[in-house]
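Undergrad: Dumping the structure here so I can ask a few things about it.
Readers should treat all values here as calculations from the given coordinates under stated rules, not as data from a laboratory. Everything quoted here is computed from the prediction, not taken from an experiment. Here the Cβ positions follow ideal geometry from the backbone for every residue, glycine too, while neighbour counts run over all protein chains shown.
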């Protein structure tokens, strides 16, 4: 088919939180969602908060059963601002028990064909604080899927039961999951069980469990998250390819370790787009407190180096509230200045989802892959996915057309 | 008629209407970016929408497109992710659905039109998914075979009779076209006629036609030599016919497939090329002859080897050029009679030449044209022969043109007068089923009439002439034994059936001796040639048992402009004749005082 379709990355305005949709320009229109943060206010039609659930659903395809679906859902880590609303808006459970098929499209929960989850991230987070309900439900779903895979011996696992485990768990708990396990530094190219020519991702985090107790504590306290550097393309061969680095809420100690690991081969950290870690938190760049030291705080050279591997005309996106010149963190004004310095050197651009297109009424920030860097797409050019025409609707249309005598079948009875 | 800007406004309004009702209110369509709509330049789409169906189980994504003529044109639907081409019928290679080529639409109801199309597309997809419409592949075999023809192949023109059984045939292979026929003589004769004898076509090769029980489905189209053999086995006598025509001397071999579909006979051509096998000495050898001296492989074994060996199969489209197809696409029952008819046209001027052409177009099998004159520049404006034939014999040039235009039929000419013909070779007129005399010259007509009344001559002679300025025309079909032409003419050729009168009877003359002419145009003339050709065909088809007179009266405005009047006696018989512009049929009554037939 000659129709042109572009690979896009969309950041939804979810305040301090993440919700990012990757839409690949392949024939299947593959969609990968990274985190979700759908607040109650966003669901309330009486509230002015942007209805991001609707924004998301408008961009999703419907599967063979008419269910809105994503091909993969990546949960970077278990904080509520990364999984809020998942139980309400997504279906978690065995695929053959999906209960919404007879509901209207707008009421159907989103079907997740494949989950990408990290047990190590959950393990570290749960040691520090109790998991929120959404995180608990997601973790349970991940475990259910792992069990379903084991039961099927990792063969012919249906959509809805599929899972990729990102990073090894402690104590060899993932040793038997080779078929669904992505190890640290491993590159994977499959989405929902199928090879995808437009997608290639390297797993950079979470870092494995450290033998040193202190070190492990640091990793836990630094918001251990899934860190992926994804290479996205707009066509299978010879087309444009762009890297998108996302790292959840990973903070300074993690980025320092990554720089130490990759400083001799920094291409692993190169990006055309970076989702500013932890909603533009100062703590991704510094051990100091922004509110206490402001500009006198020391920026970690290693962490900044890890986050500075920007390519020409790259972009950095802070998925956060509007960034003010005050003591708040996140988002942090000081971090914004650091990121702006990074993009300036690459002739790129810094964005904040809470300020796009304007602070008073933020809207999804959508990027198209372009010849150089990324190209913003204004909201007006984004339209919702059409409703499905069922037999009943089509029959009614046909009856109306017949009544109106809008056409005449085999009406062309004159010749020349 | 609205101007271009008005049409563009109409188009934008229609597009807005579709958007308002089906997108905004219904939410069933989503506008595509213009670049998407314009991504298929051959289609000329200017706007499009995407939509989703669930015909049976799976969701199907379609795009709806309109072109620059919308809402006067029919929108098209494209299946975005179609199954492999030719898995489902009525879906073109680029995914566009072929819903109803004969559909007409009300331009004032663009939304209704789109709704109708959505319903049709849905029904098509339901039938396709449930495999209910696979027989459509058979009914429209010709189109699907064409779409699946092999790259680089040339069309095959078929002169073959459109029916079974499987039989031997001949095939001529040229650079840009191949020609298949029942035998070599027929093929080469056709080629010589078609090319005007400009180049000797050479020889045709042995081939065959396999007549199948029914047209194959796309999945059954031949891809490998074994597929060809399988098809041959499904045709009664197919393998036997194939075996008879294969030869170890040929690296390739081509034949025709035929079958009767729900819409009539259909054809395809298949070429089989043997794979080249190289021996240990590095020489190319044909493995089909292995174990036998050259030319001694038993034909059944040879065929079996050819179709079981590795080789290349290619498919070509077949375009029917047989007369049954050309003259009525197998559906005109008159053709079976006309193809056996032999006609002579005496006088190949402004009436005789078009009549000869129309008889040839109708399917008359043989036409002889007689005329002693050459074409002049003054004839060109109302004669089917053009400038290229000036100063050449009208009859010869006409026969040449018709021979090339209808290479399956027989056209002869005599560059001589009727008198010479009757004197030298009267039999060529006697053996005709019909003679059309279109000279408008009383000497010729009266001679013809006298000859018909006295000799063993054709059953019908049609005479045709026009009155001054082509304001009226006549065609008289004289049946053997009936009243003769002379019955309504004076001894010197004055007709008593005149429709018009003129204040100045003398025709206009050129500045040359005897070069008289009538100023009139080809348009009014066409009514009169149709009158004559129609009567000639009716005579051949046995519809004129008695001598008959057909008159065409031109419109009154034509007569007024030329300065003529309706003939008083003719109008007096029926006052409504005054308005003109009609055709009338009358019996050609006998005249008790006729010196020829009474």
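Undergrad: Rounded to the nearest 10 degrees, what's the angle between the helix A:252-262 long axis and the longest principal axis of chain A, both from Cα atoms, 0 to 90?
TA: Helix A:252-262 and the main axis of chain A meet at about 90 degrees.
Undergrad: Provide the convex hull volume over Cα atoms per residue for region A:8-403, in Å³. It would help to have the intermediate numbers written out before the result.
TA: On the way: hull volume 63.4 nm³, N = 396.
Roughly 160 Å³ of hull volume per residue.
Undergrad: Taking neighbour counts of Cβ atoms within 10 Å as a proxy for exposure, in what order, fewest first, do B:211, B:502 appear? All intermediate terms of the calculation are to be shown ahead of the outcome.
TA: Details: B:211 23, B:502 18.
Going from sparsest to densest Cβ surroundings: B:502, B:211.
Undergrad: Build a GNM of chain A with springs between Cα atoms under 10 Å: which of A:195, A:275, A:80 gets the top mean-square fluctuation?
TA: Checking each option, the largest mean-square fluctuation is seen for A:195.
Undergrad: Would you look at the GNM of chain A, springs on alpha carbons closer than 10 Å, and say which of A:363, A:303, A:140 moves the most?
TA: A:140
Undergrad: When DSSP beta bridges are limited to those with both residues in chain A, what percentage is antiparallel, rounded to the nearest 5? Let's see the in-between values first.
TA: Values: 35 of 62 bridges.
Restricted to chain A, the bridges split so that about 55 percent are antiparallel.
Undergrad: Restricting to the protein assembly as shown, compute how many DSSP beta bridges are antiparallel as a %, nearest 5. Could you put the intermediate results ahead of the total?
TA: Values: 107 of 164 bridges.
About 65 percent, rounded to the nearest 5.
Undergrad: Over the Cα atoms of region A:61-148, how large are the radius of gyration and the largest Cα-Cα distance (Dmax), in Å?
TA: Radius of gyration, then largest Cα-Cα span, for region A:61-148: 13.5, 42 Å.
Undergrad: Another question, then. Measuring from the lowest to the highest alpha carbon on each principal axis, how far does chain B reach, largest first, in angstroms?
TA: 88, 80, 43
Undergrad: Can I ask one more? Stokes-Einstein D for region B:390-437 at 4 °C, 1.567 mPa s, Kirkwood Rh over Cα pairs, in µm²/s? Present the calculation step by step, with values, prior to reporting the outcome.
TA: Numbers: Rh = 12.0 Å.
In µm²/s, the coefficient rounds to 108.
Undergrad: Something else about it: With an 8 Å cut-off on Cα pairs and a minimum separation of 6 or more residues, tell me the relative contact order of chain B in percent. Kindly include the intermediate steps, with their values, before the conclusion.
TA: Numbers: 1109 pairs, mean separation 49.8, N = 598.
Answer for chain B is 8 percent.
Undergrad: On to the next question. With bins 10 Å wide starting at 0, give me the P(r) of region B:335-587 over every alpha carbon pair, in whole percents.
TA: P(r) over region B:335-587, rounded to whole percents: 7, 32, 38, 20, 3.
Undergrad: Determine the distance separating the Cα centre of region A:276-317 from the Cα centre of region B:382-413; give it in Å without decimals.
TA: 91 Å
Undergrad: Classify region B:4-133 as rounded, prolate or oblate, taking a ≥ b ≥ c as the square roots of the eigenvalues of its Cα gyration tensor: rounded when a/c is under 1.5, otherwise prolate if a/b is larger than b/c and oblate if not.
TA: Values: a/c = 1.72, a/b = 1.59, b/c = 1.08.
It comes out prolate by the Cα gyration axes.
Undergrad: Okay, moving on. Which angle from 0 to 90°, rounded to the nearest 10, does the C-alpha axis of helix B:4-18 make with the longest principal axis of chain B?
TA: Approximately 40 degrees, to the nearest ten.
Undergrad: Related question: What ranking of B:271, B:394, A:61, B:168 emerges when the number of other C-beta atoms within 10 Å of each C-beta is taken as an exposure proxy, fewest first? If you can, show how the numbers build up before the last one.
TA: Details: B:271 21, B:394 26, A:61 18, B:168 15.
Going from least to most buried by this count: B:168, A:61, B:271, B:394.
Undergrad: A follow-up question, please. So for the protein assembly as shown, what percent of the C-alpha to C-alpha distances run longer than 56 Å? Please report the intermediate quantities before stating the final value.
TA: On the way: 220447 of 513591 pairs.
Result: 43 percent of Cα pairs exceed 56 Å.
Undergrad: What translational D, rounded to a whole number of µm²/s, comes out for region B:142-321 from Stokes-Einstein when the hydrodynamic radius is the Kirkwood one over Cα pairs, at 4 °C and 1.567 mPa s? All intermediate terms of the calculation are to be shown ahead of the outcome.
TA: Details: Rh = 16.8 Å.
Result for D is 77 µm²/s.
Undergrad: Provide B:42, A:242, A:144 in ascending order of the number of other Cβ atoms located within 10 Å of each residue's Cβ, fewest first. Walk me through the numbers on the way to the answer.
TA: Values: B:42 6, A:242 22, A:144 16.
In order of increasing Cβ crowding within 10 Å: B:42, A:144, A:242.
Undergrad: Shielding of B:77-86 by partners, i.e. mean partner chain Cβ atoms within 10 Å per residue?
TA: Other-chain Cβ atoms within 10 Å of each residue's Cβ, averaged: 1.
Undergrad: I'd like the orientation of helix A:133-151 relative to chain A: the angle between its Cα long axis and the longest Cα principal axis, in ° from 0 to 90, rounded to 10.
TA: Once rounded, one gets 80 degrees.
Undergrad: While we're looking at this one, here's another question. For a quick check, take a GNM of chain A with Cα springs below 10 Å and name the residue from A:176, A:15, A:55 with the largest mean-square fluctuation.
TA: Comparing A:176, A:15, A:55 in the GNM, the peak value goes to A:176.
Undergrad: Counting DSSP beta bridges with both partners in region B:142-321, what percentage is antiparallel, nearest 5? Mind showing how you got there, number by number?
TA: On the way: 28 of 37 bridges.
Looking only at bridges with both residues in region B:142-321, the antiparallel portion is about 75 percent.
Undergrad: Between region B:522-570 and region A:41-101, what is the C-alpha centre distance in whole Å?
TA: 81 Å
Undergrad: Related question: Express the relative contact order of chain A as a whole percentage, based on alpha carbon pairs under 8 Å and six or more residues apart in sequence.
TA: Details: 883 pairs, mean separation 61.4, N = 416.
About 15 percent, as a whole number.
Undergrad: Under 8 Å for C-alpha pairs, at least 6 residues apart: give me the relative contact order for region B:335-587, rounded to a whole percent.
TA: Working: 478 pairs, mean separation 46.2, N = 253.
Answer for region B:335-587 is 18 percent.
Undergrad: Okay, helix-only estimate at 222 nm for the protein assembly as shown: each DSSP H run of n ≥ 4 adds -39500 (n - 2.57), divide by all residues, round to 500 deg cm²/dmol; what do you get?
TA: Working: 32 runs with 286 residues, N = 1014.
-8000 deg cm²/dmol, from helical runs alone.
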